[in-house]
Structures are given as structure tokens and as C-alpha cells.
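Structure first, then comments.
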Amino acid sequence: MVDYVNIFMARLQAKNPGETEFHQAVQEVVESLALVLDRHPEYRSAKILERMVEPERLIMFRVPWMDDQGEIQVNRGYRIEMNSAIGPYKGGLRFHPSVNLGILKFLAFEQVFKNSLTTLPIGGGKGGSDFDPKGKSNNEVMRFCQSFMTELFRHIGPDTDVPAGDIGVGGREIGYLFGQYKRLRNEFTGVLTGKGLNWGGSLIRPEATGYGCVYFCAEMLTTRNQTLEGKTCLVSGSGNVSQYTIEKILQLGGKVVTVSDSDGYIYDDEGIDVRKLEFIMDLKNVKRGRIKNYAEKYKNAVYVPVDRSKDYNPLWDHKADCAFPSATQNEINAKDAKNLLKNGVYVVGEGANMPTHFEGVRLFLDSKILYAPGKAANAGGVAVSGLEMAQNSMRMPWTKQEVDKRLSIIMKSIHATCVECAERFGTPGNYVNGANIGGFLKVADAMMDQGLV
Ligand code: NDP
């Protein structure tokens, strides 16, 4: 089986050169699935895995737009329709200058497994652009979104492909994208999720990824007869996922001492309380300011700017019980993972996608801490997106309590699937194997049923 994994990975790397994040995401999954393929040669002979790493469709397009100075700008747009075996493609759009094919393919690939875990009928996709909304006026963001959708609209639809937000794509961007889709198609449908509440959005969607991640970690803690009450938590990022992760940790009695953006992080030993969280939400969602402004307002907090000469991130080098990486991929390297373990962290809940580098994952698994990979821990966002689709189809909104209850049930079910699959395949307590195997089986069986397509 080691041979199979090596040969598989060598072929994948040769066929997809330079796509390092995609290689990393696939490698982790293939290692877990070796356990399954050993017992189920039928998946191997049907080349299920070989098919799953090849997108069903990949769309790349020019996005021209005009800035406020009248200059023409050109960005690149992408949509990766990865796998539709169990439902329409679904996954976010990321607007960030670092966006490239390899990053979006890793995200689309992981999305297939994550969506399968949610128990809902949704396939996997991902998309975005190298456009940077930071520092742009609302008008510039609108013109970009309209140009982006002017190409994308012909490829998506409520029963085909339903994008949502991700880094750089929040409520504002979804609004502009939806407006242009509706104008071009002349139809009001649930083609995007994360919509505004008064035009088809679901209550709890903005909160869902962060809340879901905390629910998942609380569920892991119950396996050790513990709760989040009184636990000290490190959180990275200060965007959508981080904000609602912090909110839920506070509701469950935990203490949060860090928050960050791409320029630096703050350490607040008194803890970020509800009032300070309101300040962060206003700073990031309305004023679109930088996290260093937090330390200007709350004098006890220390601001540490990013130092690229360091081979570790000092945010992860504080005494704590739990860590919630919620910014971006590969934000925890091997040294960071060692620092976390040294400082007593024994719960890691990945709000971000693939925030831990491969060697860091190994260290977490070897140390037998409660480590929840992003595929499972941050699936709450797409789960409530799935619930938004259901409400749109019924043309009937659910209450906040109803959606939150369903989210909590889904996160418990994902947890149970991870635990059960990890055990069944001989690696109890390994949530990475549990999530990869649990996500895989449903999609693989659907692909077997549907023939060679
Ligand atoms: P946001 O754009 O709302 O926030 C992202 C945060 O991470 C910002 O604070 C940003 O700082 C920081 N960040 C982004 N890129 C980098 C970088 N290269 N280095 C350091 N910091 C960075 O995005 P979300 O909160 O929506 O997404 C965060 C993570 O969660 C991503 O990995 C995303 O894929 C994942 N995720 C999101 C879901 C959702 O529902 N939104 C669902 C599941 C996963 P700055 O403002 O300076 O750029």
C-alpha cells in the first residue's frame, strides 16, 4: 500500500506541477484512504481516487474592470467544479492576491469530503480570483464583482453550482455578485449562499463556521469529560470565522487571548470580552481597519507585527489549552506545532482550511491531543449554506433557533462519523483519518452507483 500511495502521488505531482497546496491536501487524504483501499479493492479497480483528484470541470476566465482613476485592471477568475456525485457543486469564492490554481484545487478537493460529511446532498467546488478587495472602494469592489459574475453566471445555477463566500468574499461581495446574476438571468434563485437576510439569506449563516468549529471542539472535549468553561484559547485571523469562533467560545465560558490579521497579532492577557469583540467586528466589517488599532484602543493589549525573518509565528507561542487557527492555509508549521504542544495546548480546532502544515499534523496526531482537521471542524459553514439552499427551495425561512439547532446536530453527527470511521479502520481517536474516510465513503459509493462518468 505504501507503493500505491507513492506511485499515486508521483503521478499526481507530474500531472499537476507546481500545485504544492493541492499535492499536500491530496497526500493527507491518500494516506488515510490507504486503510480503506486495502479492505475495498473495488474502489481501487474503479479508479475512484484517480477520478476524484481530477476536477469534473475547470473554468478560468478574464475579469476586466475599471478602477476609480479610470485605469483598466485585469484579474483572473476561476471556478473549479470538482465533484457532483452527491449534489450540485458547492464551495466558496476566495478573493485574495495569493489565489492560484493550486490553492483553489486544494480547497475544491477538501470541499468534496467536507460537504459529504455534513450529511447534506451537496457536491464540492471552489473558485475565486487574485483580486484584492483590501483598500478598494465599494464602487471598485462592485465593478469587479459585476465583471466576475458576467462570465461566471453561465456556469452556475441553483441545481448546478452554488458558490458562497470565503477569504475576501463576505456579505458585501455576495450582494454585488447576486445582483448581477439576477440581472443577467432574470431570475431570483438560491444561486449563492451567504445572502442578506432580507433577500434569501439564512439566519446563522455568518456565524455558522465559527460556531460549528467550537461545537465540534466541545464535542471532542466531552469524550474526555471536559467542557470549554475556563479554557484559555488562541485564535488567529479576525475575519468571519474568527469573529464567530470567539463569540461562541465566550458563550461557552472560555477565554480568548489572541486575534490577528495579515500584518500582525494582538495578545490581550485580560481576554477579549463581548465588548472588545464588538469593537473588532466594527473595525473589520465596517471600518475595514487593521488589528493593530485594537492595541491602540485597549492599552493592556500587546501588538506584535509580522516578522517574516522568523521561522515561527509567535501567536502560537503562548500558554493556552486550545488553539483555533482561523486565518489561512499553512499558518502552523512544525515549529509552531511544537510550541503549541510545549505550551500545553491539547485541543486544536481548525476553522481555516488546511492551516496546519503536514509535519505539524503528524506532531498533533502523535501527541494524541484532540485535533480536529478543517474538513470536519469548519464544515458548519457549508452545512448552513446547505440549509440556506433548502430554505430557498421551500421559499420559507427558518428561525435562528431552528437553524442553530440543526447546525449543532450536524456538527455532532460529523463528530460521530469521524470517531466511528477512525475506530472501524483501526486508528481510534484519529480525527484526520475519521474525516477523510467518512467523507470519502459516501462520495465513492455514489460514484460506483452512477457508473463511469
Ligand atoms: P475573512 O476574509 O473574513 O478573514 C480572513 C482573516 O485571515 C483576516 O483576518 C485576514 O487578514 C487573515 N488572513 C488571510 N490571509 C492571510 C495570510 N496569508 N496570512 C495571514 N493572515 C491572513 O475570511 P474567512 O474568515 O471567511 O476565512 C478564514 C479561513 O476559514 C480560510 O481558510 C477559509 O477558507 C476558511 N473557511 C471559511 C468559511 C466561511 O464560511 N467563511 C468556511 C470554511 C472555512 P487580512 O484582513 O489582513 O487579510
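Values in this text are rule-based calculations from the coordinates and carry no lab data. Quantities reported herein were computed from a predicted structural model and do not represent experimental measurements. Please note: Cβ atoms are built from the backbone with ideal geometry, for glycine as well, and neighbour counts cover all protein chains shown.
Some points to look at:
- Globularity ratio of the range 359-403, using Cα Rg and 2.2 N^0.38 Å: 1.79
- For the residue pairs K90/K442; K231/K400; K136/K284, the C-alpha atoms sit more than 20 angstrom apart in K231/K400.
- Likely footprinting exposure, I332, I409, I266, fewest C-beta neighbours within 10 Å first: I409, I266, I332
- Gyration tensor analysis over the Cα atoms of the range 327-453 returns equivalent ellipsoid semi-axes of 29, 20, 14 Å (largest first, whole Å).
- Gyration tensor (Cα) of the range 41-111, equivalent ellipsoid semi-axes in angstrom: 33, 11, 10
- Values of log10 I(q)/I(0), in the order q = 0.06, 0.09, 0.12 Å⁻¹, for the chain under a Debye, Cα-only, solvent-free model: -0.23, -0.54, -1.01
- Spatially proximal aspartates and glutamates relative to K299 (Cα-Cα < 12 Å; intrachain offsets below 8 disregarded): D268, D269, E270
- Reach of K368 by Cα under 19 Å, taken over aspartates and glutamates that are not fewer than 8 positions away in the same chain: E28, E31, E219, D321, D336, E350, E359, E420, E423
- Listed by chain and number, the lysines whose alpha-carbon sits under 22 Å from that of K15, ignoring those within fewer than 8 places in the same chain, are K47, K105, K126.
- The range 366-445 and the range 42-60 have Cα centres lying 22 Å from one another.
- Legend: ranking of residues Y312, Y371 from fewest to most surrounding C-beta atoms inside 10 Å; resulting order Y312, Y371.
- Helices of the chain meeting both criteria, an alpha-carbon length of 15 angstrom or more along the long axis and an average Kyte-Doolittle score not below 0.0, with helices taken as full DSSP H segments, are 2-15, 20-39, 101-117, 205-222, 380-394, 431-449.
- For the range 55-188, the calculated P(r), taken from all Cα-Cα distances in 5 Å bins from zero up to the bin holding the longest distance, is 2, 11, 22, 24, 20, 13, 6, 2, 1, 0 percent.
- For the range 208-377, projected area of the alpha-carbon convex hull averaged over all directions, nm²: 8.8
- Sorting K292, K195, K368 by the number of Cβ atoms found within 10 Å of their own Cβ, with the fewest placed first, yields K368, K292, K195.
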